[in-house]
1. In the chain, which longest range has no GluC sites (Glu not before Pro) that are both DSSP loop (not H, G, I, E or B) and surrounded by at most 10 other Cβ atoms within 10 Å?
2. Please list, short to long, the whole-number percent of alpha-carbon pairs of region 533-583 in consecutive 10 angstrom bins beginning at zero.
3. Between rounded, prolate and oblate, where does region 360-446 land on the alpha carbon gyration tensor, with a ≥ b ≥ c its root eigenvalues, rounded for a/c under 1.5, else prolate if a/b exceeds b/c?
4. So how far apart, in nm, are the two label points at residue 320 and residue 371 if each is 7 Å from Cα heading toward Cβ?
5. With every protein chain kept in place and ligands, DNA and RNA left out, what is the accessible area per residue of the chain? Probe 1.4 Å, answer in Å².
6. Using just the C-alpha positions of region 713-770 as equal point scatterers, what log10 of I(q)/I(0) does the Debye formula give at each q in 0.24, 0.26, 0.28 1/Å?
7. Which entries in the list 42/554; 187/554; 235/804 go over 19 Å, if you measure between the two C-alpha atoms of each?
8. Explain nothing, just the number: relative contact order of region 182-335, from Cα pairs under 8 Å at least 6 residues apart, as a whole percent.
Amino acid sequence: MRYFLFAVLLLRLPASAFSQGSTPEHQPGKISGRVVDSLSGKPIELATITVFPNGGAKPVAGTSTDSRGVFETGNVPLGSLRIVIEFVGYRTRTRMIKLTAEEPHRGLGTIALSASAQELAGVTVTGQKKLIENSIDKLVYNAERDITSQTGVATDVLKKVPQVSVDVDGNVELEGNANVLFLINGKPSTIFGSNIADVLQSIPASQIKSIEVITNPGAKYDAQGTGGIINIVLKKSTLQGVNGNVSLTAGTIMENGSVNINARSGRFGVTAFFDGNARLSTTTPTSSQRVSTDTVNQTTAILGQTGSSNFTRHGLQSGLGFDWSDSDRNSLSGGVNYTDFGNRSNGGIGQSEQTQANPAAPFSVIQSTNNTNGSFRQYGFDPSLNYKHTFKNSDQQLEIGVDGSFSHNLVSSGNDQFLQPEDSLIYGTRNHNPAAESEYEAKIDYVQPLAKDVNLGIGGKLSGYDIASTGNALLWEPSSGDYVYNSALSNDLTYHQHVYAAYAEMNFPITRSVEGRLGSRYERTQVNAFYANAHQAVVNGYNTWIPSVFVMKKIDETQNIRLNFTIRINRPDYGDLNPFVNTSDPKNISTGNPDLKPEVWDRLEASYNRDLGKIGSFMIGLFYRQSNGDIQRFVAYYPSKQVGDTVYTNVSVTTRENIGIEENAGTNLFFELHLNDRFNVRSNTMFFYRRTINKVDPGYNSSTTIYRLNLNASYEVSSNFVMEFFGNFNSKHHEAQGFYPSFVSYSLAFRKQFWNKKGSIALTANNFLNKYVDQRTELYGPEFTSNSLRQVPYRSIGVNFTWKFGRLVVKKEKSDQPDTNLNGPEQ
């Protein structure tokens, strides 16, 4: 009921609250339409629309097209007008219209732009997009304009995106929430389910066109992802001919390379890409101390561990895609991508375990060393096929798509623990955990115009997620002097999840300057799982209703206000659920939790956006979120813990739990300032308050204020040489069980273009003043406190070479005469 009342309250906002102070007699006019490519029928984004009085040279209004090629400009004076539609690489179109008091609004229909009448050899024509773009439900960061990130990976780009923060290990949060649904070109993939940080660090930044951030997705989107959605859009050309680019990066920590080729003839185009990535071997020193108490036996234990680990990572991706259209009405696109990535580590830990039998007794000390190793690899392919039909009214559309993602992964780990000073082997494991994952979906979306500026969208989707995992564990057996299969530590998992979804969503004007969107989504989730070791079958089904409300007030062409509300859900994935017990460190065990329940979040947001033209832009947002059954990393201490037929003493077990209730309330501020034609500054700042009510360990509640900020400054020395600085700070913050560390990073970058801007060299230096970033973590719970330090190697220098190649041939126009049609929309 509260969601219904909230929607009604927003939609009944009085029109007077949004008044522009104009009387009906002097209400200005409005012009709208859609711009497409004349050959492919694809929408042209960011085409410029300029309105002139007939015979005048000074514009009276203007705007640009959105991602659908649609534009609308208000505050247009009545009378005879000349409309100029233009985009780089296309011939300019001119329309003559007349707005009157009886007909103040004019729809121009679909306007087709043809490629410029010239042959372009060895160049790529692009429009100059803004760095940040906003629409009613998402923010777009145009990564192609980002200089500093070009030598890096997707993680380096995400650091600069408003509302996004990245920690030292590459874990991403959106408005402080780490449960983000990641998409590539709008499609899901199983590769994001296992290790998102690894995946993001296997995508070269040079391959990324833009990043779309949707903090409060509407009813059309999946409800999965309580933090929202981040869609990574890879580069693709729609220009005629053959073209592409090559990018190579060498660095002290990171190396990567990519090749992208596009070919298009008429209405058919193909694209192919290949990229590879390697993180070179680095050493991370670690130290920790845990103090624990056995209240039953009145003993105290102090566990100290000091050591280091070496880490390497690799990743490669390749793909082939196509798109084809027979007219402006029908289009077909599809492709298949292959991914292969993984990591490997090995290290040694010196361990001191001190135990005090009672407060008056001396400590007994046991010294040991533990040699560890681990590896992870995942490979798979993602096919997709999509059909779209646009009706005579361009707002009426039908889209049908099928996507799949099929992968195999392998987790291996092992350890050997030696008692000192005798150097005798007292404990050892060999773990081998292969798994197969598949994710697939079929969806249909339809948009039906009901009236002028009123569109109804409906659709449905069937998706599946399957896991088959086998966990084999070998345990050192002193009597036989060998590693023997241990059935208690081994575990098999079979998991099937199906989601059936349907939605309805309507866009409509509330007043002349206020746009509304109401939506509702229903999802039925059915889970069937079997855990072989526990001989336990789980059959569970639940329903989720997701309302969504969006309101955008367009104050003028340069500023708007947005309000939105929705609900998001987080279904546990394979990494959360997998019951396999990792005992590589017998004092610090980790495992999944097959009993996890989904968490559901209520999300409310408000934002104000202002485009300052040549000066820059800024955006300020407010948000509130609340979750019941919040899923968090959870550590429990046991004086002794039996796993199968093995008893582990003085051990902590790390898993995932539905910890309780979490509330977040805060603000986000982004601004971009062009101090002059050469010097630009932009910054993203976020403050929010978090309160956690711990229902697993009652009384261990927490509250904290978290702030993240960054600063990016660039200076154009000449038209071919640019310098840039980026600095980032994430504050220390409190979670249910303690404090997690702060993080500081900074970088300098220089880029020089040559060969008529077809080639460039960029140099980037990250955290060049310090070799390590210190990460101190403090955790506590019933009967234990823990302090740890990780010194993460972060200083790096990288150099990037990029070359754009190709020959673009475009047709010559038959006529360059302006269009003087005064009779309404063009078909």
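1. It works out to 423-827.
2. Calculated P(r), rounded to whole percents: 15, 27, 21, 16, 13, 7, 1.
3. Since a/c reaches 1.5 and a/b is larger than b/c, the shape of region 360-446 is classed as prolate.
4. Rounded to a tenth, the inter-label distance reads 4.6 nm.
5. 43
6. Debye output, listed in q order: -0.94, -1.01, -1.07.
7. 42/554; 187/554
8. Across region 182-335, relative contact order equals 19 percent.
The values are calculated or read from the model by the stated rules, or taken from the named source; none is laboratory data. What you are looking at is a predicted structure, and each value in this text was computed from that prediction instead of being measured. Here Cβ is always computed from backbone atoms with ideal geometry, including for glycine, and neighbour counts include all displayed protein chains. In case anyone asks, the SASA skips ligands and DNA or RNA and just uses the protein heavy atoms, side chains included. Shrake-Rupley method; radii C 1.70, N 1.55, O 1.52, S 1.80 Å.
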